[in-house]
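Here is the structure we will look at.
Here, each number is a calculation from the coordinates, and none is a lab measurement. Computed from a predicted structure; not experimentally measured. A quick note on method: Cβ atoms are made from the backbone with ideal geometry, for glycine too, and the neighbour counts reach across all protein chains shown.
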């Protein structure tokens, strides 16, 4: 009886270790996915910023050009 109990305890301990490893692997994969999505979103925001900055610069140049024409 004692040997069966000991074997059962070892089996439970091994299952817990396996469960812990699977749990950590799942969260590691999930974390990598979340970081990848974050980086994609961040790059999108940076691209949008530069596009808006370029458009604003283009408008400002047009306004400056028109202003110089009016002053002449």
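Put a dot 7 Å past each Cα toward the Cβ at residue 28 and residue 2; how far apart are the dots in nm?
4.0
Using every alpha carbon pair in region 30-72, what percent of pairs falls into each 5 Å bin from 0 up to the bin containing the largest distance?
5, 21, 12, 13, 10, 8, 10, 6, 6, 4, 3, 2, 0
How big is the shadow of the Cα convex hull of the chain, averaged over all directions, in nm²?
On the way: hull surface 20.1 nm².
Reported value for the Cα convex hull: 5.0 nm².
Counting each DSSP H run of 4 or more residues in the chain as -39500 (n - 2.57), what helix-only mean residue ellipticity at 222 nm follows after dividing by all residues, to the nearest 500 deg cm²/dmol? Provide the component values of the computation, followed by the final result.
Details: 1 runs with 70 residues, N = 72.
My calculation for the chain gives -37000 deg cm²/dmol from helical runs alone.
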